[in-house]
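The structure under discussion appears below in the form of structure tokens.
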Amino acid sequence: MTRRSAILWCGLALAPALGATPSRAPGQRAISGVASAAFVDYRVRAGSGVERFNGAVLGLGGAARVGPRTTVGVTVQGGTLEPRRTADLERRFGDITVDARFSVAPWFALTGGGSVRAVANDVARQRWVLVRFGGEARPAFMGTPMRAILRVGMIPVVAVSGLPAPALALHAAAGLEYNRGSLTLAASYGVERFDFPPRSGIRRLEQVSAVTLRAGLRLRGVER
């Protein structure tokens, strides 16, 4: 997977939502800011052994509603993951994600986006390029400001420095969201799983899971 083809896939992931945006939409664009804190568990299995790292990852981001059904967001996050085994080195984890949501119904949206991720230690640095597609359901609890969050999808493009593309890559998440006025609070558990093809008879699996707390604040709309 070349850098050019990965960029092309990122564009394809965002194109359906961006293409649905009216070229002339009068009124105001809703903008929100988001802060997050996540406890990340990173596992690598190659053969019979498992390397495991975990730690806190902090993030900041923003989102803008660019059409009646379309929202585009950007998130930057990073942190240090400590090894479970003393023989392993700590990993510095960071990524930048751009994603889009296109609402098909009040409770369901199509999602797409891409990430550039870095995982490094004192010896080496690994770069990931990810492109995701999927769906997101947000059913409301009747009579309350709470919503459930259910998200599932594929990661059809994964370019990793030093490794072949995985044979299968999936992502999923579940959680709760509370909305009151301009404030949004959310808690979720998400998983990304990467199943790499065998090399020299050794199968490699990587999994990134996280419990994430988010706080968002909707700002006043700005004139277009």
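The values are calculated or read from the model by the stated rules, or taken from the named source; none is laboratory data. Small disclaimer: the values here were computed from a predicted structure and weren't measured. Here Cβ is always computed from backbone atoms with ideal geometry, including for glycine, and neighbour counts include all displayed protein chains.
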Identify, from the list A6, A37, A15, A63, the residue that is assigned to a helix (DSSP H, G or I) and either under 23 Å from D195 (Cβ atoms) or at pLDDT 90 or above (or both). A6
Take the conditions among the acidic types (D, E), out of contact with any Cys (no Cβ under 7 Å at 6 or more places or on another chain) and either in contact (Cβ under 8 Å) with a residue 40 or more places away in the chain or within 19 Å of A172 (Cβ to Cβ) (or both) and apply them to D88. Does it pass? no
Conditions: (1) surrounded by fewer than 20 Cβ atoms within 10 Å (Cβ to Cβ); (2) within 18 Å of V72 (Cβ to Cβ). A124 meets all but one. Number of the miss? (2)
Counting only residues in region 168-182 that are modelled with pLDDT of 95 or more and surrounded by fewer than 16 Cβ atoms within 10 Å (Cβ to Cβ), the one nearest to T111 (Cα to Cα) is identified as A172
Scan region 96-107 for residues that are crowded, with 18+ Cβ neighbours inside 10 Å and of a type outside the set (V, I, T) and jot them down. D99, A100, R101, F102, S103
Failed item, numbered, when G78 is tested on (1) more than 14 Å from the chain's Cα centre (by Cα); (2) over 24 Å from N179 (Cβ atoms): (1)
Of the residues in region 143-167, those that are outside any strand (DSSP E or B) and crowded, with 16+ Cβ neighbours inside 10 Å come to L163, P166
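Here is a yes/no grid of residues against (1) surrounded by fewer than 19 Cβ atoms within 10 Å (Cβ to Cβ); (2) assigned to a strand (DSSP E or B); (3) modelled with pLDDT of 95 or more:
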| residue | (1), (2), (3) |
| --- | --- |
| V74 | yes, yes, yes |
| L81 | no, yes, yes |
| R85 | yes, no, no |
| D88 | yes, no, no |
| A109 | no, yes, yes |
| G114 | no, yes, yes |
It is to be established whether one or more residues within region 95-107 are at pLDDT 95 or above, among the polar types (S, T, N, Q) and within 19 Å of T75 (Cα to Cα). yes
